[in-house]
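Working notes, structure below.
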Amino acid sequence: MKVYYDSDGDLNLIRNQKVAIIGYGSQGQAHALNLKDSGVRDIAVGLRATSAAVKKARAAGFTVKEPADAVKGADVVMMLAPDEFQADIYTGIEKNIKQGASLAFAHGFNVRFGFIVPRSDMDVWMVAPKEVGPVVRSEYEKGGGVAALVAVHQDASGAAKKTALAYGKALGCGRTGMFETTFAEECE
């Protein structure tokens with residue numbers, strides 16, 4: 001099993017990209033805050049206007065938009081809404097995701113079982129921290145990180161793994177280790 005660390009990820013790859021975080025629950029909040037603290041400058045949080053998390057995301061300094069608007073122009077779209085809502089969300093945002101973007105996940109369920117079938121022009125990868133969001137955040141704040149699984153499902157650009165490793169490093173997961181796997185292995 002291949003394990004990747006901070007030295008394998010290039011933060012400059014993700015710092016200069018526009019990232020849309022879809023969902024601001026346990027994982028969404030941790031991802032957004034850790035990315036921001038790692039120097040990612042352009043982060044939008046995608047939430048329904050009626051979501052209770054809108055106030056929390058705005059209070060943390062994030063631009064909050066409806067998911068279909070948050071993904072416009074994004075280089076990376078990280079799906080962090082609950083699994084049972086992701087397929088419907090994807091249907092509503094797919095046409096607004098730019099050609100060649102990365103569609104990313106923290107759990108492989110919807111891709112593995114065909115509930116989401118990404119367009120062929122997109123990179124599709126996963127960085128799945130192996131802890132709940134508050135621990136992902138607290139370990140990062142202490143200067144550490146939590147282990148994660150990393151997988152590439154679709155590599156349209158030829159750089160999907162590099163982008164995933166940069167994202168994982170920004171989360172703090174490269175401090176502990178990112179274990180290479182597949183979407184199927186992560187789910188099953």
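Numbers for the structure displayed
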item	result
D_trans [Stokes-Einstein, Kirkwood Rh over alpha-carbon pairs] for segment 1-63, 37 °C, 0.692 mPa s, µm² s⁻¹	259
Residue-normalised accessible area of segment 83-186, expressed per residue, 1.4 Å probe, Å²	42
Cα-based Rg of the chain normalised by 2.2 N^0.38 Å, two decimals	0.91
Probe 1.4 Å - accessible area at S26, Å² to nearest ten	60
FRET efficiency estimate (nearest 0.05) - Cβ-Cβ, A59 to T182, R0 41 angstrom	0.65
Cα convex hull of segment 1-109, projected area averaged across orientations, nm²	7.4
Pairs from K55/K130; K56/K142; K56/K162; K36/K98; K55/K162; K2/K162 whose Cα-Cα separation, in the structure shown, is over 25 Å	K55/K130; K56/K162; K55/K162
Under 5 Å, built H, 5+ apart or other chain: amide partners of S157	D123
Ratio Rg/Rh [Cα only; Rh per Kirkwood] for segment 57-123	0.96
Karplus (6.51, -1.76, 1.60) ³J(HN,Hα), θ = phi - 60°, over segment 138-153, in Hz, Gly and Pro reported as x	5, 5, 4, 5, 7, x, x, x, 10, 5, 9, 9, 10, 8, 10, 9
Square roots of 5 times each gyration tensor eigenvalue, C-alpha, segment 35-78, largest first, Å	17, 14, 6
Vicinal HN-Hα couplings computed from phi for segment 162-173 (Karplus, 6.51 cos²θ - 1.76 cosθ + 1.60; Hz; Gly/Pro x)	4, 5, 4, 5, 5, 4, x, 5, 4, 6, x, 6
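The values are calculated or read from the model by the stated rules, or taken from the named source; none is laboratory data. Computed from a prediction, not measured in an experiment: that's the story for all the values here. Ideal geometry is used to build each Cβ from the backbone, glycine not excepted, and the neighbour counts take in all protein chains shown. Keep in mind that these areas ignore ligands, DNA and RNA; they rest on the heavy atoms of the full protein, side chains included. Shrake-Rupley method; radii C 1.70, N 1.55, O 1.52, S 1.80 Å.
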